[in-house]
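What follows draws every value from the coordinates through simple rules; no lab data is involved. It should be emphasised that the depicted structure is a prediction, and the values quoted were computed from it without experimental measurement. Cβ coordinates were reconstructed from backbone atoms using ideal geometry, including for glycine residues, and neighbour counts include every protein chain displayed.
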Amino acid sequence: MVRRIILGLLKFALRVYFRRIEIIGLEHVPRKSPVIFVLNHPNALVDPVFLFCLAPRRVSFLAKAPLFRMLVLGYFIRALDSLPVYRRKDEGEDVSRNEETFVAARKLLAGGGTIGICPEGVSHSEKRLLPIKTGAARIALGAISTGEVTDLKIVPAGLYYTSKTQFRSSVLLYFGNPIDVPPVALDETGNLPRAAVRELSDRIECALREVILNAEQEEALQTIGRAEKIFSAEADDESRESLAQELQLQQRFIKAYTVLRERAPERLRRLELRLGRFEQELIQAGVDPDDFSPPPAPLIVLMHILIRIGVFVVLIVPATLGVVVHYPAYRLGRYLATRFSRDEEDVISTVKIISGMLFLPLTWLLLAALIYKWLNWELALVAFLVIPLLGYLAVRFFEEFDKSIGGLRALAFFLMRRRFFVRLLAERKAIHREIMALGEESAIASQ
C-alpha cells in the first residue's frame, strides 16, 4: 500500500515535470520470468524513478548505501524494496557487505522477481556510456549457475533526455532486446570465472549502447544535434512527434560522423560550415528552427490566430493567477538546484523534482489554511483542489503562448521577406539531401 502511494506520487511528479514521456520496447520485457534491468545513469535519482513507475514489472532497485541512511529519502527507498550497494568511493562503507546484497538479489530473482541496476555505477553528465561495472553480470551468472534460477533475462533500458536539466523537456524510455544468461561452471573455490563475468559485462555494454545516445566526441554530438533539427523540420508531423525516431536518427548520425571524420573530413567540414551559415541566417531573421515551416493557406492561418487569441483572452487571468501563486516555490526549487548541483548537471532535475514535491503541496496547504482562517472551510477545500489546476493551466498556457509567438515570427518573416524565406527553405532541403547522401555513403563505406 505504501509502495503504491509512493509510486503514484512519483508518477504524478514525472508527468508534471516532463512535457512528454515516451516508452518503447515493452514487448521485450518478459512478463513472468525473472529479469535484471540494466539502466544508463545520466540523471541521478530521476533515472531509477522511471523504471519504478513505468516498467511493466515490479522492480527492486540496487542503490548506493548512503541513500538508505538519509532520513526521508531512506524511508522511501526502503519502501520501494531497494537493495543497498556498498561502494569504495563512499567513505566508511564495507564493500564486503555487497555479498549480502548479491544473495538477497539472487533470492529475489529465484522467486520470479526483477531487479534494476545502473551498471555504470555512478550518475554522470558524459555524453557517452561509462565503463560497465561487473555487478549485474555477477548477480546474473551467480543466480543461473548455482541453479537458483533457471530462466533469467537481462533487459537493457535506455533513457534519452532531450534536455535533462530543463523543466517540461521530454524523455524516452527504451527497452531493448533481452540478453540470455547461460550458466557457467564455477571454479574450484566455487567462484565465477572472471572471463565469463567480463564477457557478459561486455554483452551488457553493447546492449546498452543500442538503446542510448552514445557520442564519444563532443563535436560529433553538436553537429548531430544541429543536423537532427534539419531532419525533424523536414519530416512529417507523425515522424516529428516520435522521440524514438529522433534517437534512432541521432544514433545513425553518430556512426556516419565517425566514418566521415576518418574518410571524408573535408566534406564533413563543409557540411558543418553550411549548417552554421543556415543557423546564422535563421537567427538574423529572428526565427527558431522549430518554427520555420511554410505557412498553410491564409484562411486557415487567420482562423488559427483568432481561435488562439480567444483562448488566450479567456485563460490569461487564471493562468496569471497560477503563476503568481506558484512562482515562489518554483524559484526556490531553481535556487536549490543551482546551489546543490555544484555545476553537476546530472543532479539538477533530481533537486528540482524533490523541491517541487515538497514546496508545491506546502504552498497549497498554506493558502488553504489562510482561506480557512479568514473565510470558511468550504472555500479552503475548493482552493486546495483548484490551486494545483491553476498551476498546471499556467504551465500549459505559457507553453502554447510561446509556441504561438514563434509561429507569428515565422509568419511575419514569410510575409515581409518572402524571397529570403523561400531561399532558406530550399537551402534546408539541400542540406537534408546532403546529409542523407553522406549517411548512405558512410553506411556503404563501413560495411
What helices does the chain hold that run 27 Å or longer along their axis, going by alpha-carbon atoms, with a Kyte-Doolittle average of -1.0 or more, using DSSP H for the helix calls? 243-263, 265-285, 298-341, 348-374, 377-416, 418-445
Can you put His41, His432 in order of Cβ neighbours within 10 angstrom, beginning with the fewest? His432, His41
Once amide H atoms are built 1.01 Å from N in the peptide plane, which residues 5 or more positions from Phe37, or in another chain, come under 5 Å H to H? Ile115, Gly116, Ile117, Val155
Could you please rank Glu99, Glu279, placing first whichever residue has the fewest other Cβ atoms within 10 Å of its Cβ? Glu99, Glu279
Evaluate the range 2-209: find the radius of gyration of its Cα atoms, find its Kirkwood radius, and give the ratio Rg to Rh. 0.95
Search the structure for amide H atoms under 5 Å from the amide H of Ile23, placed 1.01 Å from N in the peptide plane, and list their residues when 5 or more places away or on another chain. Leu173
Ranked by how many other beta carbons lie within 10 Å on average, peptides 42-49, 198-205 from highest: 42-49, 198-205
Asserting the computed 222 nm helical MRE of the chain (DSSP H runs at least 4 long, -39500 (n - 2.57) per run, divided by residue count, to nearest 500) equals -21000 deg cm²/dmol
Can you tell me the length gained on complete extension of the stretch Arg277 to Ile309, counting 0.36 nm per residue apart and subtracting the Cα distance? 8.0 nm
Across 10 Å bins beginning at 0, the whole-percent shares of Cα-Cα pair distances in the chain come to 4, 17, 24, 24, 18, 10, 3, 0, 0
Kindly provide the pair-distance distribution of the range 311-447 built from C-alpha pairs, with 10 Å bins from 0 and whole-percent values in order of increasing distance. 10, 21, 21, 19, 18, 8, 3, 0
From phi via Karplus (6.51, -1.76, 1.60), per-residue ³J(HN,Hα) for the range 166-171 in Hz, x at Gly/Pro: 9, 5, 6, 8, 10, 8
